Amino acid sequence: MALMPTLLLPGSPYPLGAQWDGLGINFAVFSANAEKIELCVFDPTGRREIARFALPEYTDEIWHGYLPNTPSGLLYGYRAYGPYDPKNGHRFNPNKLLLDPYAQAFAGSVKWGDALFGYRVNSPRADLSFDRRDSAPMMPKSIVVADPFHWGDHKRPETPWTDTVIYEAHLRGLTMLMEDVPAADRGKFAALGHPKVIAHLKHLGVTALELLPIHAYLQDRHFLTQNLSNYWGYNTLSFFSPERRYFASNALNELRVAIRLLHAAGIEVILDVVYNHTCEGSELGPTLSFRGLDHANYYRLVEGDARHCVNDTGTGNTLNTSHPRVLQMVLDSLRYWATSFQIDGFRFDLGVALGRELSGFDPNAGLFDAMRQDPVLASRKMIFEPWDIGPGGYQLGGHPPGSAEWNDRFRDNTRQFWRGDEGLRGDLARRLSGSGDIFDNKFGRRPWASVNFVTAHDGFTLQDLVSYDGKHNEANGENNQDGHNENHSANWGAEGPTDDPAVLALRERVKRSLLTTLMLSLGTPMMVAGDEFGRTQQGNNNAYCQDNEISWLDWTLADRPEGSALTDFVARLSKLRRDYAVLHSAKYLHGQESPLENVADIDWFGMNGEALEQQDWENPIEKTLAMRRAMRRDDGQIEVLLLLLNAAETPLDFTLPGPALPWRLLLDSAAPEAEAHDMSGSTVTVADRAAVVLAAVVEAPGP
């Protein structure tokens, strides 16, 4: 490296972060309350500080300076000077080396120790005390990145929402046990583009791979003594840097190549992102970046008691996205991933926290408005987890137009119906028809706004949902006190693994019925990696700390007869969804239009073939439902689909509703191997806890 300059030039306040221009590096970092910020430069090992410069300029609350004659790859950090006044929200401590919030890569990792904290741990004065130890030896160093990638004529798949099928996966767990992937690539970004992964997704009919957080994150200190780890990664250290341990190489291009391969196969990539909080935790947490730069502005603080962080997220702090510079950081991060990595969409963890203003949750919050009108982000898929733990924190259906939301009502009602709970007929009908009771509002939202799921990373897998009455989280070290207690699950005769053929057969049938409901409902279906071949977490419904075989996908299950059969069944469901437009209608159906004489666009029937009356909907013990949907296809023909559901304990004969149509039985969850065939007669026997799908295509009536 060339001789280090002796001073910084003024540089520019924009863009934020460290930008190499071929001649030198411009540094710019936000802090409204700091009195001075120093740039600390380290040798290539990151162990020795070789220079320190005060950023010479302060413009619009941005500290900035330019380091001439310096190449990319420089290792650096910041030290921020200002008041250490926790009662007024200020926690400046220049003894703590700080990561650049805009850094795109890090060298090294956090080495836990008390010196990371701005106060003296175990002091009687707690966080009101002041720690003078240097944290630099324990901190990773930010790296100045210049890593171009030529996307060429690359084009994102841009799959319409109506055609989208999401597959949620943990990047590491997806391929750690996939033997076809080279050992060095397993659990890494490189494995995402492996032909085996792509072929499996294509076979399933998946159009979007949704990855649990891949932003750089912090391993929790308390896990180090328990042989556990923060596996899921909802503990963000940096919003711009990918997690280092997910690289088989040291090049950001590894991720870009994988994305390009997925895109070439027509598969979008959606990132689960955590902009609601950071890994610094509560006011008793470490000082790693944001807290040391400007705690009072990066975080929401309790009104009238600024010593304490608002904890609407359950993690100790809540990012203050109503502050213009914090809002800008989130937008800059999203644009970076959308442009530099061609990411197709984002799923926002605890999305309600992002829409909180001083008055509470607001669907017109500044961040939401900015995202909707941003020329880059407006074309990306946006999915919100519509809750946090703050006041008014459940906002399903309350997010802005153009976005989709995780629909936990679909999850719960579908699970309850197939478990055999009473009084679910009306609720299930609403979920099957796209949850219009929640999303069909004045904003013109469409059925795809409901992201339907039966399982997610948080909770039971599909196999465990039908194998356990209760959670079994003992491996988490919390005496089975963590995780949800009410899972709407059933073991169907034995708790956990069993050799009983009757129990096993019933479990497989219920799984197929759950998947049929998921894939054939209006809305955007999301399945969890491994559900298609029987992945189990041994009854653990909160495997956030299990970076091991509990969480990793066991691909040998996919090669077993029952795993292969279920995978093929999911592929068959996906094909039905693609082939029949009525299954992915872009509009809500209200039963007010009749594409065919005496056939409304949506109708509901009992097993006797008669339209349901009010008293039928209110019958608490009825466990059957028939839904008929119809629409005119682009070729002018009329497409009619009939879904027969029987959650009762015995097989039942369903009378087909009139008028008589040339029905074809497409699928039976009790007979997954049966081929589609033409129907004769006016009744269909539906096995206990099974779903049957029929369709008819007829010529449209003349004018």
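The values are calculated or read from the model by the stated rules, or taken from the named source; none is laboratory data. Here the structure is a predicted model, which means the values were calculated and not measured. Reconstructed Cβ throughout: ideal geometry from the backbone, glycine too, with neighbour counts over all protein chains shown. Only protein heavy atoms, including side chains, enter the accessible area calculation; ligands, DNA and RNA are left aside. Shrake-Rupley method; radii C 1.70, N 1.55, O 1.52, S 1.80 Å.
Within the stretch 347-363, identify whether any single residue is assigned to a loop (DSSP other than H, G, I, E, B), at negative phi and in contact with a Leu (Cβ under 8 Å, 6 or more places away or on another chain), and answer yes or no. Scanning the stretch 347-363 turns up no residue that is assigned to a loop (DSSP other than H, G, I, E, B), at negative phi and in contact with a Leu (Cβ under 8 Å, 6 or more places away or on another chain).
When Asn548 is tested against the conditions (1) without any contact (Cβ under 8 Å) to a residue 60 or more places away in the chain; (2) closer than 23 Å to Arg632 by Cα; (3) polar (S, T, N, Q), the lone failure is (2). Taking the stretch 220-239 as the range and being over 18 Å from His457 (Cβ atoms), open to solvent by 10 Å² or more (accessible area, probe 1.4 Å) and of a type outside the set (D, E, K, R) as the test, the residues that pass are His222, Leu224, Thr225, Gln226, Asn227, Leu237.
What about Gly266, is it touching a residue at least 60 places away in the same chain (Cβ under 8 Å), in contact with a helix residue (DSSP H, G or I) (Cβ under 9 Å, 6 or more places away or on another chain), within 26 Å of Glu210 (Cα to Cα) and small (Gly, Ala, Ser)? Taking the combined requirement at face value, the residue satisfies it.
Scanning the stretch 526-578 for residues that are under 15 Å from Arg507 (Cα atoms), assigned to a loop (DSSP other than H, G, I, E, B) and touching a Phe, Trp or Tyr at 6+ places or on another chain (Cβ under 6 Å) returns a single hit, Gly539. If the condition is being surrounded by fewer than 22 Cβ atoms within 10 Å (Cβ to Cβ) and either of a type in the set (A, V, I, L, M, F, W, C) or touching a residue at least 60 places away in the same chain (Cβ under 8 Å) (or both), then the stretch 350-364 contributes only Leu358.
Checking Ser669, Ser682 one by one, the residue that is in contact with a Leu (Cβ under 7 Å, 6 or more places away or on another chain) and among the hydroxyl-bearing types (Ser, Thr, Tyr) is Ser682 and no other.
Would you mind stating whether Ala626 is more than 27 Å from Glu562 (Cα to Cα), at pLDDT 95 or above and in contact with a Pro (Cβ under 6 Å, 6 or more places away or on another chain)? In short, no.
For Gly292, indicate whether it is small (Gly, Ala, Ser), touching a residue at least 40 places away in the same chain (Cβ under 8 Å) and in a helix (DSSP H, G or I). Considered against the rule, which asks whether it is small (Gly, Ala, Ser), touching a residue at least 40 places away in the same chain (Cβ under 8 Å) and in a helix (DSSP H, G or I), Gly292 comes out as yes. Here Ala429 fulfils each of the conditions (1) more than 22 Å from Ala208 (Cβ to Cβ); (2) among the small types (Gly, Ala, Ser); (3) open to solvent by less than 20 Å² (accessible area, probe 1.4 Å); (4) outside any helix (DSSP H, G or I) apart from (4). Taking residues in the stretch 38-52 that are closer than 15 Å to Leu99 by Cα and in contact (Cβ under 8 Å) with a residue 60 or more places away in the chain, and partners anywhere that are assigned to a strand (DSSP E or B) and open to solvent by 20 Å² or more (accessible area, probe 1.4 Å), the pairs with Cβ atoms closer than 8 Å and at least 6 places apart or on different chains are Cys40/Glu49; Cys40/Arg52; Phe42/Glu49; Phe42/Ile50; Gly46/Ala107.
Scanning the stretch 166-205 for residues that are touching a residue at least 60 places away in the same chain (Cβ under 8 Å), aliphatic (A, V, I, L, M), open to solvent by less than 10 Å² (accessible area, probe 1.4 Å) and not in a helix (DSSP H, G or I) gives Ile166, Ala169, Met178.
For the structure I just gave you, tell me whether Asn485 is over 23 Å from Val570 (Cα atoms), in contact with a Cys (Cβ under 8 Å, 6 or more places away or on another chain), surrounded by fewer than 24 Cβ atoms within 10 Å (Cβ to Cβ) and not small (Gly, Ala, Ser). No; evaluated as a whole, the condition is false for this residue. On inspection, Ala626 does not qualify as in contact with a strand residue (DSSP E or B) (Cβ under 8 Å, 6 or more places away or on another chain), part of a loop (DSSP other than H, G, I, E, B) and either open to solvent by 30 Å² or more (accessible area, probe 1.4 Å) or among the small types (Gly, Ala, Ser) (or both). The conditions of being modelled with pLDDT of 95 or more, in a helix (DSSP H, G or I) and either polar (S, T, N, Q) or open to solvent by 10 Å² or more (accessible area, probe 1.4 Å) (or both) are not met by Asp421. With respect to being assigned to a loop (DSSP other than H, G, I, E, B) and either open to solvent by less than 10 Å² (accessible area, probe 1.4 Å) or at pLDDT below 95 (or both), Glu495 falls outside the description. On the stretch given as the stretch 564-608, residues that are within 21 Å of Ala670 (Cα to Cα), more than 25 Å from the chain's Cα centre (by Cα), open to solvent by less than 40 Å² (accessible area, probe 1.4 Å) and of a type in the set (Gly, Ala, Ser) total 1. Just one of the listed residues (Leu506, Leu518) is closer than 19 Å to Leu645 by Cα, out of contact with any strand residue (DSSP E or B) (no Cβ under 6 Å at 6 or more places or on another chain) and open to solvent by less than 30 Å² (accessible area, probe 1.4 Å), namely Leu506.
When the stretch 646-662 is filtered for residues that are surrounded by 18 or more Cβ atoms within 10 Å (Cβ to Cβ) and either hydroxyl-bearing (Ser, Thr, Tyr) or more than 22 Å from Arg689 (Cα to Cα) (or both), only Leu661 remains. When we screen Asn69, Asn88 for residues that are surrounded by fewer than 16 Cβ atoms within 10 Å (Cβ to Cβ) and either within 30 Å of Asn253 (Cβ to Cβ) or among the aliphatic types (A, V, I, L, M) (or both), the only hit is Asn69.
Scanning the stretch 27-52 for residues that are of a type in the set (Ser, Thr, Tyr) and either under 19 Å from Gly292 (Cα atoms) or part of a strand (DSSP E or B) (or both) gives a single hit, Ser31.
Yes/no matrix, rows are residues, columns are (1) part of a helix (DSSP H, G or I); (2) within 20 Å of the chain's Cα centre (by Cα); (3) among the β-branched types (Val, Ile, Thr):
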{"position": "Asp464", "(1), (2), (3)": "yes, no, no"}
{"position": "Glu478", "(1), (2), (3)": "no, no, no"}
{"position": "Gly483", "(1), (2), (3)": "no, yes, no"}
{"position": "Asn491", "(1), (2), (3)": "no, no, no"}
{"position": "Asp499", "(1), (2), (3)": "no, no, no"}
{"position": "Thr516", "(1), (2), (3)": "yes, no, yes"}
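Screening Gln615 against (1) in a loop (DSSP other than H, G, I, E, B); (2) open to solvent by 50 Å² or more (accessible area, probe 1.4 Å) leaves a single unmet condition, (1).
Selection over the stretch 629-661 of residues that are in a loop (DSSP other than H, G, I, E, B) and not basic (Lys, Arg) gives a count of 15.
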